[in-house]
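The values are calculated or read from the model by the stated rules, or taken from the named source; none is laboratory data. It should be emphasised that the depicted structure is a prediction, and the values quoted were computed from it without experimental measurement. Note that we place each Cβ from the backbone using ideal geometry, even for glycine, and neighbour counts take in every protein chain shown.
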Amino acid sequence: MTMRFYKEELKWTPSDPSVKRALGDDPVPAPGHSAASVPENYKEVHGWGADLDPANRPMVPRELPSDVTTVRGNVGARQVPTEKVHVSIEHPDLTPVFGNSCPPHGLSGMLRDYAFQFGEASNRHWMTLILADRVDMVEHLFGDALRGKPDNYIKEKGWPAYLKYNPGRNRRWLTLGALALGAVAVGVAVNQWRGRDD
Amino acid sequence: MRAMTYRGPFRVRVEDKPEPEIQHPNDAIIRVTRAAICGSDIHLYHGLMPDLRIGETFGHEFIGIVEEVGSAVDNLKAGDKVLVPFNVCCGFCYFCSRGLSGNCHNTNPSATAVGGIYGYSHTCGGWGGGQSEYVRVPYANFGPEIIQEGISDDDALLLTDACPTGYHAAIMGDIKEGQTVLIFGAGPIGIFAARSAWLMGAGRVVVTDHLDYRLDFVSRYAPAETVNFSHLKDPVVYFKKISEHIGFDVAIDAVGCDASGSAMQAFTGFGLKAQAGNAVALHWAVNSVRKGGTVVIIGAYGPPMNLAPVGSIFNKGLTIHANQCAVKRHLPRLYEHVRAGRIKPSEIITHRFSLEDIAEGYRVFTSKLDGCIKPVVIPDRAAA
């Protein structure tokens, strides 16, 4: 059979005709397509069909029968809030337990107060929260610096990992970058030295 | 205690924070012995989740030792080694009572659309996460489970989220014998979804991603056919051609809002913030599945809107299945699979970091350095 390539596959070098085909003869597998590890008979895959019977599958049926008809159920004890907790206006009341790992504060807190006046279908709710997140970041940037805990961008971004975990490629780029910076520095210095002579 | 803290997009550090305390009779305090960085933590790390406050501690995959329990907790005691499902759930609300513990209504005051999740922003309840030395676990009579004999710590850690979530995706696909399954994303969830698709009786499993090392891993682990979509001008056209122009019976989006592969989606999502991230994987899933087929959304998306081809969903008569995994319901069957060797969760762990080096862990994971598939974080106190 004559090989027939499709346009999107011709974006790259056509695969070698000797490469095992994934799906018979047509179409020719793309260069990035491999089926080398899959057995010819899929039923030979270890564990195949163990959950073929829906009775073996958890969450079948998706919902179990229940007598509970209220949204909260039989709540019992409730956690007592000690700081401001934002509650969606779509909730009937504060949930019986809640996390509050970072209570609202400052200008970002005021923005969050505003956002929680709107329901979850409102863009004003979500977009204001995203804005509050960015304001929160700036507040902490200055606040922590004033408290003597300034941000260490290099460490916090984990950049040393580039050297530890992909040293060859990244050291090459760092070396090239250092050489380029050095060349620029030498050029500037020579230029200034010549200017002083003139 | 020492805890990872979020400092803004792409920045985290380890700080001293107050240890959590019992605040409700049904609380437990867990001393973390292992935590994992999840692919969905990367959505947080990139600052894509609304109401993600500076100082939050991430981590919804963790195991540990019970340190203290509240007065109403009667099925756990100090010293028990437990795994903690990522869902914060009560067990008795309208949804939990129906087995939907991933949709608990009693643990997240900030939103009704999503249940509580440990360390996953205030939009998911404002709970402290497991990438720290201690975590407060509410409703401890229902959520955490004592790690059973025959289940290793590493397997238990992966059973808190990644493994059940991939398994849940395959179940939501309603896969019938011999059906074809196309999975977008070869991260941990995609890997477990591919492995699980065979357990459901699939006849063909194809995984697509743009990272060769991950495709190489899933091709051996699942096993699965793999396609690097970056080699293709139009991946959807290719998927149609390799499925005899019918399309796949089931397509699983195991990527979520942080996808690669479309400049337009990236620009509108990450640049303009006009949508919640990049939804190209969902777009391709809808277009690659056959008419009448099933699309599963298991990759994480935030609450605001995304660009998705609703017209194609309608015209093709697709069934969309999506939900946070209700881990509690999957665990009994998954214990059987792990013991029988049908799924080996811990085999996807590639890296281990001290909690003190967590910033590097995030960088390695998010920048796909050193062949990273699943990083585990160990607090120094646990390692000692």
Worksheet item: Identify, please: which residue in the range A:96-109 is of a type in the set (Gly, Ala, Ser), in contact with an Asp or Glu (Cβ under 6 Å, 6 or more places away or on another chain) and crowded, with 19+ Cβ neighbours inside 10 Å and is, among those, nearest to the other protein chains (Cβ to nearest Cβ)?
Response: A:101
Item to complete: Could you check residue B:199 against (1) buried (at least 24 other Cβ atoms within 10 Å of the Cβ); (2) closer than 19 Å to residue B:286 by Cα; (3) touching a helix residue (DSSP H, G or I) at 6+ places or on another chain (Cβ under 9 Å); (4) not aromatic (Phe, Trp, Tyr) and say which number it fails?
Response: (2)
Worksheet item: If you scan the range B:340-352, which residues turn out to be surrounded by fewer than 22 Cβ atoms within 10 Å (Cβ to Cβ) and within 12 Å of chain A (Cβ to nearest Cβ)?
Response: B:340, B:341, B:342, B:344, B:350, B:351
Response to the item:
Expected output for the range A:68-88 (first residue closer than 21 Å to residue A:104 by Cβ, partner of a type in the set (Lys, Arg) and in a loop (DSSP other than H, G, I, E, B), Cβ below 6 Å, 6+ apart or cross-chain) is none
Practice prompt. Please work out which one of (1) at the interface with chain A (Cβ under 9 Å from one of its Cβ atoms); (2) of a type in the set (D, E, K, R); (3) under 29 Å from residue B:369 (Cα atoms) is the condition residue B:209 fails and give its number.
Written response: (1)
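Name the residue, out of A:147, A:172, A:112, that is at pLDDT below 95, under 28 Å from residue B:135 (Cα atoms) and either out of contact with any strand residue (DSSP E or B) (no Cβ under 7 Å at 6 or more places or on another chain) or surrounded by 10 or more Cβ atoms within 10 Å (Cβ to Cβ) (or both). Give the steps one after another, and end with the answer.
Working: A:172 fails: under 28 Å from residue B:135 (Cα atoms); A:112 fails: at pLDDT below 95.
Exactly one residue qualifies, and that residue is A:147.
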Worksheet item: residue B:227 fails exactly one of the following numbered conditions: (1) of a type outside the set (S, T, N, Q); (2) at the interface with chain A (Cβ under 8 Å from one of its Cβ atoms); (3) in contact (Cβ under 8 Å) with a residue 24 or more places away in the chain. What is the number of that condition?
Response: (3)
Worksheet item: Out of the residues in the range B:79-102 that are without any contact (Cβ under 8 Å) to a residue 60 or more places away in the chain and in contact with a His (Cβ under 7 Å, 6 or more places away or on another chain), which is surrounded by the most Cβ atoms within 10 Å (Cβ to Cβ)?
Response: B:93
Fill in: Residue under evaluation residue A:38, criteria (1) surrounded by 12 or more Cβ atoms within 10 Å (Cβ to Cβ); (2) under 30 Å from residue B:109 (Cα atoms); (3) hydrophobic (A, V, I, L, M, F, W, C); (4) facing another protein chain (nearest Cβ under 8 Å), criterion not met
(2)
Practice prompt. Within the range B:166-178, identify whether any single residue is in a helix (DSSP H, G or I), more than 9 Å from chain A (Cβ to nearest Cβ) and within 15 Å of residue B:298 (Cβ to Cβ), and answer yes or no.
Written response: yes
Worksheet item: Pairs under 9 Å by beta carbon, first residue assigned to a loop (DSSP other than H, G, I, E, B) in the range A:33-45, partner modelled with pLDDT under 90, six or more apart or different chains?
Response: A:35/A:20; A:35/A:21; A:35/A:22; A:35/A:23; A:35/A:29; A:36/A:20; A:38/A:22
Discussion item. Please go through the range B:363-383 and give me each residue that is assigned to a helix (DSSP H, G or I), more than 9 Å from chain A (Cβ to nearest Cβ) and either modelled with pLDDT of 95 or more or surrounded by 24 or more Cβ atoms within 10 Å (Cβ to Cβ) (or both), ordered by number.
Written reply: B:365
Worksheet item: Are any residues in the range B:103-115 more than 7 Å from every other protein chain (Cβ to nearest Cβ) and either buried (at least 24 other Cβ atoms within 10 Å of the Cβ) or aliphatic (A, V, I, L, M) (or both), and if so, which ones?
Response: B:104, B:114, B:115
Discussion item. I'm checking my understanding of the structure. Among residues of the range A:57-71 that are of a type outside the set (A, V, I, L, M, F, W, C) and within 7 Å of chain B (Cβ to nearest Cβ), which one is farthest from residue B:23 (Cα to Cα)?
Written reply: A:57
Item to complete: Hey, can you tell me all the residues within the range B:46-73 that are more than 10 Å from chain A (Cβ to nearest Cβ) and more than 22 Å from residue B:147 (Cβ to Cβ)?
Response: B:46, B:58
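List the strands (runs of 3 or more DSSP E) that sit entirely inside the range B:1-78 and contain at least 3 residues that are crowded, with 24+ Cβ neighbours inside 10 Å. Spell out how you get there, then give the answer.
On the way: elements: B:2-8, B:11-16, B:28-36, B:61-69.
The strands (runs of 3 or more DSSP E) meeting that bar are B:2-8, B:28-36, B:61-69.
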Fill in: Checking residue B:258 against (1) at pLDDT 85 or above; (2) within 17 Å of the chain's Cα centre (by Cα), the condition it does not meet
(1)
Discussion item. Residue B:216 - would you say it is in contact with a strand residue (DSSP E or B) (Cβ under 9 Å, 6 or more places away or on another chain), more than 8 Å from every other protein chain (Cβ to nearest Cβ) and of a type in the set (Asp, Glu)?
Written reply: yes
Item to complete: Filter the range B:313-362 for residues that are more than 30 Å from residue B:291 (Cβ to Cβ) and in a strand (DSSP E or B) and give the result.
Response: B:351, B:352, B:353, B:354
Worksheet item: Taking interchain pairs and intrachain pairs at least six residues apart, which have beta carbon atoms under 7 angstrom, with the first residue in the range A:150-165 and more than 7 Å from chain B (Cβ to nearest Cβ) and the second surrounded by fewer than 16 Cβ atoms within 10 Å (Cβ to Cβ)?
Response: A:163/A:171
Worksheet entry | All positions within the range A:72-95 that are within 7 Å of chain B (Cβ to nearest Cβ), touching a Pro at 6+ places or on another chain (Cβ under 9 Å) and either surrounded by fewer than 14 Cβ atoms within 10 Å (Cβ to Cβ) or under 24 Å from residue B:50 (Cα atoms) (or both) | A:77, A:85, A:86, A:87, A:88, A:91, A:94, A:95
